[in-house]
Amino acid sequence: MIRGKVAMKEEILKGLAQAVIDGDLDKAQHFSKEAIANKIDAYEAIMEGCAKGMNIVSQKYETGECFVPEVLCSAEAMTTAMDMLKPYLKADTTNVPKKVVIGTTQGDVHEIGKNLVTLMLEAGGFKVIDLGPDVSVEKFVETVKKENADICAMSSLMTTSMIFMPDIIKAVKAAKPDTVTMVGGGPLSPSTAETYGADGYAKDASVAVKVAKELTSKRD
Ligand code: B12
C-alpha cells in the first residue's frame, strides 16, 4: 500500500513538472486536481513539481532548446497550477502577520520567481502586497508607507532592471527607516545585494521565507 502511495505521488509530481515543461494547461489542471485529490502537500507539489519543471524550461531557454513562445506557455501552465494549489497551502498563523510589499522592478515583466516568493511568504504567515511586474521606485515607496510595511522585497531577472534597486532601497529608508529591504532574482548575488545596501538576499523562495523571518524577528 505505502509503496503504491509513494509511486502515485512521484507520478503526480513528475506530471506537474512535465505539464510546465510542455506548456500544457490541460495537463497542469489534471495533475493539480490529482495532487489535491490525493492530499499531496501543496508546497511540495509547487516546489517539487511545477518549479522543477520551470527550472528545466529555464535551462532549455539558456541552451537555445526553446524560445520565448514556449517559455510563455510554460509560464501560463505554471501559473494555472499555482492558482489551483494555492488555497491548499498550509499557512503558519502563529504570529501577527508581518507585512511585505513585493514587486519586480521597473522595465521587467518577469514574475514567475516573484510569484513563487509571494506564495511561500504567504505560506510562511506573512501578509503580502504584490505590486506585480514593472514597478516604479515611486510605487514601491508609496505602498510601503501606505501599508506601513515591515519588509520591501524587490525582484529582478534582468541586469537592465536590477539597477533600480539601490534607488528603491535609499528612498524606502528615507521614507520609513524601520522597514527592512530584501532582494533576489537571477542576476543578483549576496555581494550585489550588499553593494545595493539591501538588508537581506535570498537565492530562492524557500530561503526567502527564512531570511524574511530573521530580518523581522531582529526588530521585535
Ligand atoms: C520565463 C522567462 C521569460 C518570460 C517571463 C514570463 C513571466 N510571466 O514571468 C518571458 C517570455 C515573458 C520573458 C521575456 C523576456 N526575457 Co526572459 N527569461 C525567462 C527565463 C527563461 C526563466 C525565468 C524564470 O521564470 N525562472 C524560473 C523561476 C522559478 O526562477 P527565478 O525567476 O530565478 O526566481 C527564483 C529566484 O531567482 C528567487 N527570486 C526571484 N525573485 C526574487 C525576489 C526576492 C525578494 C527574493 C528573496 C528571491 C527572488 O526565488 C525564485 C524562486 O525560487 C529566464 C532564464 C533565467 N535563467 O532566468 C529568461 C531571462 C531572464 N530573460 C531574459 C530576457 C533578455 C528577456 C527579454 C528581453 C527577451 C526579449 N528579447 O524579448 C524579454 C524581457 C521583457 C521585459 N521587459 O522584461 C534574459 C535576461 C538577461 C539579463 N541578464 O538581463 C534571461 C536571463 C535569458 C537569457 N539568458 O537571455 N522571459
Please give the peptides 72-78, 17-23, 169-175 ranked by average Cβ packing (other Cβ atoms within 10 Å per residue), highest first, as a rough proxy for protection.
-> 17-23, 72-78, 169-175
State the percentage of accessible surface on the chain attributable to carbon and sulfur atoms; use a 1.4 Å probe and exclude ligands, DNA and RNA.
-> 57 percent
Expected vector for region 163-173, Karplus 3J(HN,Hα) from phi with 6.51, -1.76, 1.60 and θ = phi - 60°, integer Hz, x for Gly and Pro, equals 5, 7, 4, x, 5, 5, 4, 4, 5, 5, 4
How large is ³J(HN,Hα) for each residue in region 194-200, as worked out from phi by the Karplus curve 6.51 cos²θ - 1.76 cosθ + 1.60 (θ = phi - 60°), to whole Hz, x for Gly and Pro?
-> 5, 4, 6, x, 6, 7, x
The set of residues whose placed amide H lies less than 5 Å from the amide H of ALA153, leaving out same-chain residues fewer than 5 positions away, is VAL101, ILE102, GLY103, MET182
Got a sec to turn the phi values of region 46-55 into Karplus ³J(HN,Hα) couplings, 6.51 cos²θ - 1.76 cosθ + 1.60 with θ = phi - 60°, whole Hz, x for Gly and Pro?
-> 6, 6, 8, x, 4, 4, 4, x, 5, 5
Calculated Rg and Dmax of the chain using C-alpha coordinates, Å = 17.9, 60
How high is the relative contact order of region 99-219, in percent, counting Cα pairs under 8 Å that sit 6 or more residues apart?
-> 27 percent
Please label the shape of region 1-99 as rounded, prolate or oblate, based on the square roots a ≥ b ≥ c of the eigenvalues of the alpha-carbon gyration tensor (a/c under 1.5 means rounded; beyond that, a/b larger than b/c means prolate, else oblate).
-> oblate
If we sort 137-150, 45-58, 155-168 on the protection proxy, mean other Cβ atoms within 10 Å, highest first, what's the order?
-> 45-58, 155-168, 137-150
When the Cα centres of region 171-220 and region 1-64 are compared, how far apart do they sit, in Å?
-> 30 Å
Sort region 99-219 into rounded, prolate or oblate with this rule: let a ≥ b ≥ c be the square roots of the eigenvalues of the Cα gyration tensor; rounded if a/c is under 1.5, and if a/c is not under 1.5, prolate when a/b is larger than b/c, oblate otherwise.
-> rounded
Pairs to check: LYS86/LYS146; LYS5/LYS39; LYS176/LYS210; LYS39/LYS86. Give those whose C-alpha atoms are more than 19 Å from each other in this structure.
-> LYS86/LYS146; LYS176/LYS210
Return one whole number: the accessible area per residue of the chain in Å², for a 1.4 Å probe.
-> 51 Å²
Out of VAL68, VAL180, VAL135, a Gaussian network model of the chain with alpha-carbon springs under 10 Å gives the largest mean-square fluctuation to VAL68
List every residue whose amide H lies under 5 Å from the amide H of LYS98, counting only residues 5 or more places away in sequence or on a different chain, with H placed 1.01 Å from N in the peptide plane.
-> LYS127
Given the rule -39500 (n - 2.57) for each run of at least 4 DSSP H residues, summed and divided by the residues of the chain, what is its mean residue ellipticity at 222 nm, to the nearest 500 deg cm²/dmol?
-> -17000 deg cm²/dmol
The FRET efficiency for GLU65 and GLU214, from their Cβ-Cβ distance with R0 = 45 Å and rounded to 0.05, is 0.75
Work out how much length LYS203 to LYS14 would gain on full extension: take 0.36 nm times their residue separation and subtract the Cα-Cα distance, in nm to one decimal.
-> 65.7 nm
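The values are calculated or read from the model by the stated rules, or taken from the named source; none is laboratory data. Everything quoted here is computed from the prediction, not taken from an experiment. As a convention, Cβ positions derive from the backbone with ideal geometry for all residues, glycine included, and neighbour counts pool all protein chains shown. The protein model used for the area step is the full one, side chains on, heavy atoms only, and it has no ligands, DNA or RNA in it. Shrake-Rupley method; radii C 1.70, N 1.55, O 1.52, S 1.80 Å.
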